[in-house]
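Step one of this worksheet: look at the structure below.
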Amino acid sequence: MLLSLARRPFTIKYINGIKDPYMVKAILVNHGSRRGAFNELMTEIARQLSEDLGIRVEVGYNEYADPNWRELLAKSQEDVIVILAFLGPGNHVYRDILGELGVEPGKWAMSKFGRRIYVTPPLGDSPLVYSAILARVRRALGESAPTVVQDPDEIEEESMGFVAKALRLNLDDWRDRLKARAAYASGNLEIAKMVEVKGEVKRAVEEWTSAGGPLAADVAMVAAGLRYNNVEIAAKTPVEVRGTTRTYAGMKKLLSELGSAGIVVGNAPTALAAVVEECRGGREIPFIVAAPVGFANAASVKEEALRCNLPSVVVRGTYGGSGVAAALFNELLRP
């Protein structure tokens, strides 16, 4: 049984100017065979095409089996899509089929049968065909998957150890672990040099989260990576946005509603700008984890966040990202 790629039948509204889907049908044209298994395969493909496309699809053979595609076409009252189930442009395609139809593939045209016809091109130039051939040859060759470390703890230990060795970091020092974690999360050793740690941010995170305090994240991608449940998302907060970003307006509203929240920003510099404004306005914020990326606002707003003098870990400059911000917060949660 073939697997259908469509989740539901495709509703055809217009086909080349024709609104009624029953005014067009398709014929799956193939070589034909004396072997029943081959013909059964063609019938199953036609059945699934009918189901997925919402039009009638019949099987027509060029030789060796019935019905012949010519007979089906001669009886047709509709416009016809001729689906060529051939690999390449051989004699059967160009002499027997296109020659008798008097049309070129890939466009609607009046055929010699007195019906409008659209002929699909042969399948051989499709990358999907090549991929299928490649996969089956690899199966024959028995190619094995590359050897990779599978154990999650071993992956982490090896990666963090590599970063620590390359940058001469001490993984027993939580501040150095934050730098190593940023490099590990981004695959970029240079980012470790941009990690700025301010105050006792680790203790602030531990105390805030142990009490179940809420977090305010800028976007869902950041929130998805956090190993903590009480997370609100600025980008999903219902707000009226005028002349600013959704994350800015959402962060302002979130902090107003929550009263106070730990901050994790990894995508939107404007969300961090909202946090800075709230901080300067007297909002009590327990800590900031900030790694938004970008070339407009990102570097400057991070410096402003550091000037708030709150317990913070900030990836300075243009570096960062959602994954980096989540990784930094999760590292701060580690015992």
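The values are calculated or read from the model by the stated rules, or taken from the named source; none is laboratory data. Quick caveat, the model's predicted, so the values are computed rather than measured. Virtual Cβ from ideal backbone geometry, glycine too; neighbours counted across all protein chains shown. SASA here: full protein model, heavy atoms, side chains in, ligands and nucleic acids out. Shrake-Rupley method; radii C 1.70, N 1.55, O 1.52, S 1.80 Å.
Could you look through segment 113-128, keep only residues that are assigned to a loop (DSSP other than H, G, I, E, B) and loosely packed, with under 12 Cβ neighbours inside 10 Å, and pick out the one that is modelled with the highest pLDDT? Walk me through how you get there before you give the answer.
So the first thing to find is which residues in segment 113-128 are assigned to a loop (DSSP other than H, G, I, E, B), and the list is 113-115, 120-126.
Those left that are additionally loosely packed, with under 12 Cβ neighbours inside 10 Å: 114, 125.
Values: Gly114: 87, Asp125: 91.
The qualifying residue modelled with the highest pLDDT is Asp125.
Would you confirm whether or not segment 174-191 contains a residue that is under 17 Å from Ile288 (Cα atoms), in a loop (DSSP other than H, G, I, E, B) and open to solvent by 60 Å² or more (accessible area, probe 1.4 Å)? No, the conditions are met nowhere in segment 174-191.
Close Cβ contacts (under 6 Å, 6 or more residues apart or on different chains) running from residues in segment 317-335 that are without any contact (Cβ under 8 Å) to a residue 40 or more places away in the chain to residues that are open to solvent by less than 20 Å² (accessible area, probe 1.4 Å) and not β-branched (Val, Ile, Thr) comprise Thr318/Ala298. Restricting Thr237, Thr245, Thr209 to those that are surrounded by 18 or more Cβ atoms within 10 Å (Cβ to Cβ) and either at pLDDT below 95 or among the small types (Gly, Ala, Ser) (or both) reduces the list to Thr245. What do you reckon, is Met160 among the hydrophobic types (A, V, I, L, M, F, W, C), over 30 Å from Val275 (Cα atoms) and assigned to a helix (DSSP H, G or I)? For Met160, the condition - among the hydrophobic types (A, V, I, L, M, F, W, C), over 30 Å from Val275 (Cα atoms) and assigned to a helix (DSSP H, G or I) - is met.
Take the conditions (1) open to solvent by 50 Å² or more (accessible area, probe 1.4 Å); (2) assigned to a helix (DSSP H, G or I); Thr147 misses just one of them, which is (2). In this structure, does Ser256 turn out to be over 30 Å from Asp173 (Cα atoms) and either more than 32 Å from the chain's Cα centre (by Cα) or not assigned by the TED database to the domain that holds Val324 (or both)? Yes; evaluated as a whole, the condition is true for this residue. Would you check if Glu331 is modelled with pLDDT of 95 or more, over 23 Å from Thr209 (Cα atoms) and out of contact with any strand residue (DSSP E or B) (no Cβ under 8 Å at 6 or more places or on another chain)? Against the criterion (modelled with pLDDT of 95 or more, over 23 Å from Thr209 (Cα atoms) and out of contact with any strand residue (DSSP E or B) (no Cβ under 8 Å at 6 or more places or on another chain)), Glu331 does not qualify.
Mind checking which residues of segment 79-98 are charged (D, E, K, R) and surrounded by 13 or more Cβ atoms within 10 Å (Cβ to Cβ)? Before you say what the answer is, go through the steps one by one.
At the first step, the residues of segment 79-98 found to be charged (D, E, K, R) are 79, 95-96.
Scanning segment 79-98 gives Asp79, Asp96.
Being more than 18 Å from Ile97 (Cβ to Cβ) and out of contact with any Pro (no Cβ under 7 Å at 6 or more places or on another chain) is the filter here; which residues of segment 54-64 pass it? If the condition is that a residue be more than 18 Å from Ile97 (Cβ to Cβ) and out of contact with any Pro (no Cβ under 7 Å at 6 or more places or on another chain), then Arg56 is the only one that fits.
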